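Visitor: Submitted below is the structure of interest, expressed as structure tokens.
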Amino acid sequence: MPLESLNRIRIVLCRPQHPGNIGAAARAMKTMGLSELHLVAPERFPAPEAQWLATHAADLLSTARVHARLEDALADCVSAFAFSARPREWSLQVLSVRDAAAAALERAASGPVAFVFGNETTGLTNAELLASSYRVHIP
């Protein structure tokens, strides 16, 4: 997997409520070789809890970009993949996690790609889902 493709994949957290979860996401990103974190309207950031849970990924927190709106976080992306466990009556193209990863790497050759996650309580809103090109079902 080319490093250039991984550098074009960003993680977007929409409305995260607990800063510890932001730190945990940064730690997971670092483990997977991802480095671009975008936060949309976080309740509290920066915060010590994010640093505590980042464990060796504090550099990702220091370079995280904060946006007021999801559209701003996705403005330069060629594709966005919205992750959801909930079924919807209407739907974008639904992909498995494995298929989404392959599609994201393919599209990253053309520009930035976003993996979009909702907040801890309610996940993504319908509007946030519609801002993405694909829906990815998390079983």
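Visitor: Filter segment 54-86 for residues that are over 20 Å from Ala127 (Cβ atoms), open to solvent by 20 Å² or more (accessible area, probe 1.4 Å) and either touching a Pro at 6+ places or on another chain (Cβ under 8 Å) or among the acidic types (Asp, Glu) (or both) and give the result.
Guide: Passing the criteria: Asp59, Val78.
Visitor: Hey, does segment 67-77 have a residue that's in a strand (DSSP E or B) and within 21 Å of Met32 (Cα to Cα)?
Guide: no
Visitor: Would you say Pro42 is surrounded by 19 or more Cβ atoms within 10 Å (Cβ to Cβ), touching a residue at least 60 places away in the same chain (Cβ under 8 Å) and not aromatic (Phe, Trp, Tyr)?
Guide: Details: surrounded by 19 or more Cβ atoms within 10 Å (Cβ to Cβ): yes; touching a residue at least 60 places away in the same chain (Cβ under 8 Å): no; not aromatic (Phe, Trp, Tyr): yes.
Judged against the criteria, Pro42 is not a match.
Visitor: Right, something else. Collect the residues in segment 15-36 that are in a helix (DSSP H, G or I) and either open to solvent by less than 20 Å² (accessible area, probe 1.4 Å) or of a type in the set (Phe, Trp, Tyr) (or both), keeping them in residue-number order.
Guide: Residues satisfying the conditions are Pro19, Gly20, Ile22, Gly23, Ala26, Met29.
Visitor: Separate question: Within segment 118-138, can you find the residues that are touching a strand residue (DSSP E or B) at 6+ places or on another chain (Cβ under 9 Å) and more than 9 Å from Ser84 (Cβ to Cβ)?
Guide: Hits for segment 118-138 are Asn119, Thr125, Glu128, Leu130, Ala131, Ser132, Ser133, Tyr134.
Visitor: Kindly indicate the residue of segment 87-136 that is assigned to a strand (DSSP E or B) and at pLDDT below 90 and also nearest to Ala24 (Cα to Cα) among those meeting that condition.
Guide: Here is the first cut: in segment 87-136, the residues assigned to a strand (DSSP E or B) are 93-95, 113-117, 119, 123, 134-136.
After this cut, where a residue has to be at pLDDT below 90 as well, the list is 93-94.
Working: Gln93: 29, Val94: 26 Å.
By that ranking, first place goes to Val94.
Visitor: Does Phe117 satisfy being surrounded by 12 or more Cβ atoms within 10 Å (Cβ to Cβ), within 13 Å of Leu13 (Cα to Cα) and touching a Phe, Trp or Tyr at 6+ places or on another chain (Cβ under 8 Å)?
Guide: Answer is yes for this residue.
Visitor: I need every pair where a residue in segment 107-135 that is without any contact (Cβ under 8 Å) to a residue 40 or more places away in the chain has its Cβ under 9 Å from the Cβ of a residue that is of a type in the set (Phe, Trp, Tyr) and not in a loop (DSSP other than H, G, I, E, B), sequence separation at least 6 or different chains.
Guide: Gly123/Phe83; Gly123/Phe117
The values are calculated or read from the model by the stated rules, or taken from the named source; none is laboratory data. Keep in mind the model is a prediction, meaning the values are calculated, not measured. Please note: Cβ atoms are built from the backbone with ideal geometry, for glycine as well, and neighbour counts cover all protein chains shown. Calculation scope for accessible area: heavy atoms of the full protein, side chains included, ligands and nucleic acids excluded. Shrake-Rupley method; radii C 1.70, N 1.55, O 1.52, S 1.80 Å.
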